[in-house]
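Shown next, in structure tokens, is the structure this report addresses.
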Amino acid sequence: MNLFVETYGRQPDGVWASPGRVNLIGEHTDYNEGFVLPFALHQRTVVAAGRRAAPGWTVRSRLTGETVHIGRSDLSPGAVKGWAAYVAGVLWALVDAGFAIPDCDFAVESDVPLGAGLSSSHSFECAVLTAVEGLGDFSIPGIEAAKLVQRTENVYVGAATGLMDQTASLLCTAGHALFFDCRSLEVEQVPLDLASDGLALLVLNTNTPHTHADGEYAERRRSCERGAEILGVRALRDIGVADLPEALAKINDDVVRRRVRHVVTENARVQDAVALFRAGRVREAGPLLTASHASMRDDFEITVAQVDTAVEAALRAGAYGSRMTGGGFGGCIIALTDTEKAGSTARAVEDAFAAKGFAAPEWFTAVPSAGATRLL
């Protein structure tokens, strides 16, 4: 990796990469112990790393041009701020879990779009984790590694994330989506060969800053917890679609009622999509994507004008289905189209954005790819 050589004047001991991810369906079901269906993107964060004689760690980012030193005294939550906190947090989580980790230098670059809901931060953390594993000559089973990255986010960085993103970045395989049960932590690799079906999954970045809008994400979570409490269940995972009318009748708060309806119906949509994928009927999952978006827009209220406009334009252009992907309040949409229509669908969204005075979107077609791996 040239950046490592330019920064440290020597070759790295190894190079590791971890992908971003797109969630096909299953938004905000993870912390309700439900089901999700992500796959890994071909866009990834690459970390070149080498052992160092001096104590501590340094990390150089091509994106910011900064080199940050992390000492042993920085391995406590909140000690390092900004982008380097993702590195310090992984190191802290490993040490806190009892691993002896080597002192080393890192150089990082990435083509995962930032702030777009495609898990750029988890891609970064998982790449650092696999690099430290490689240099430290130890191995952590996939789900346990995902839990360490989640602990990094929850405790060191201070973000209340679930377990989906890390699991996808670490465990996905090429040509598959990952059916992940967020309660049992069981995973299933579900075949997803879009190209052989003549399909493309368009990922379109609305360039609306993807943020959980501070208290908005926490409010959704509290509403779901309140709903589970009212219904007397451990989590909304325990309410089925058939039980929904009776369950909703027990909830007086209209906001909580709508939040519960989204999670329960979204959980069912994930399972329906998996059944279609297993049967090789991917096109037929399109309406599930569109229904998911409507539920996020109307019941969970996490979309914004740009993503709604993008979804509507993609559907008018002939997409089989389209939805926002990610935590909400901006970010990306996905659209399932015929391969030859991906470009025209993207241009239809561009035209719709121009007509409304929105910033121009960016797009690419997603390829279900492998999770974290060593490159060199």
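The values are calculated or read from the model by the stated rules, or taken from the named source; none is laboratory data. This one's a predicted model, so the numbers in the text were calculated from it and none came from an experiment. Positions of Cβ are generated from backbone atoms using ideal geometry, with glycine treated the same way; all protein chains shown enter the neighbour counts.
Structure data summary
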| quantity | calculated |
| --- | --- |
| Residue, surrounded by the most Cβ atoms within 10 Å (Cβ to Cβ), within the range 80-107, restricted to residues that are more than 19 Å from A145 (Cα to Cα) and of a type outside the set (D, E, K, R) | F106 |
| Close pairs from the range 350-376: first over 21 Å from G331 (Cβ atoms), partner modelled with pLDDT of 95 or more and part of a loop (DSSP other than H, G, I, E, B), Cβ under 6 Å, at least 6 apart | A370/T173; A370/A174; G371/C172 |
| Residues being outside any helix (DSSP H, G or I) and in contact with a Phe, Trp or Tyr (Cβ under 8 Å, 6 or more places away or on another chain) - total across the range 210-222 | 4 |
| In the range 133-152, the residues that are in contact (Cβ under 8 Å) with a residue 60 or more places away in the chain and surrounded by 24 or more Cβ atoms within 10 Å (Cβ to Cβ) | T152 |
| Any hit, the range 261-278, residues being in contact with a Pro (Cβ under 8 Å, 6 or more places away or on another chain) and either buried (at least 17 other Cβ atoms within 10 Å of the Cβ) or modelled with pLDDT under 95 (or both) | yes |
| Residues satisfying the stated conditions in the range 108-132, i.e. buried (at least 23 other Cβ atoms within 10 Å of the Cβ) and more than 18 Å from R60 (Cα to Cα) | A116, G117, L118, S119 |
| Exclusive hit being closer than 17 Å to E33 by Cβ, assigned to a strand (DSSP E or B) and modelled with pLDDT of 95 or more, set E188, E225, E229 | E188 |
| Given (1) closer than 19 Å to D137 by Cα; (2) out of contact with any helix residue (DSSP H, G or I) (no Cβ under 6 Å at 6 or more places or on another chain); (3) among the small types (G, A, S), number of the condition S18 does not satisfy | (2) |
| Failed item, numbered, when S73 is tested on (1) over 20 Å from E6 (Cα atoms); (2) in contact with a His (Cβ under 6 Å, 6 or more places away or on another chain) | (2) |
| Residues of the range 245-257 that turn out to be surrounded by fewer than 16 Cβ atoms within 10 Å (Cβ to Cβ), part of a helix (DSSP H, G or I) and not β-branched (V, I, T), as a count | 4 |
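Yes or no, residue by residue, for (1) modelled with pLDDT of 95 or more; (2) over 20 Å from V282 (Cβ atoms); (3) surrounded by fewer than 19 Cβ atoms within 10 Å (Cβ to Cβ):
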position	(1), (2), (3)
T345	yes, no, no
A348	yes, yes, no
D351	yes, yes, yes
G357	yes, yes, yes
A366	yes, no, no
T373	yes, yes, yes
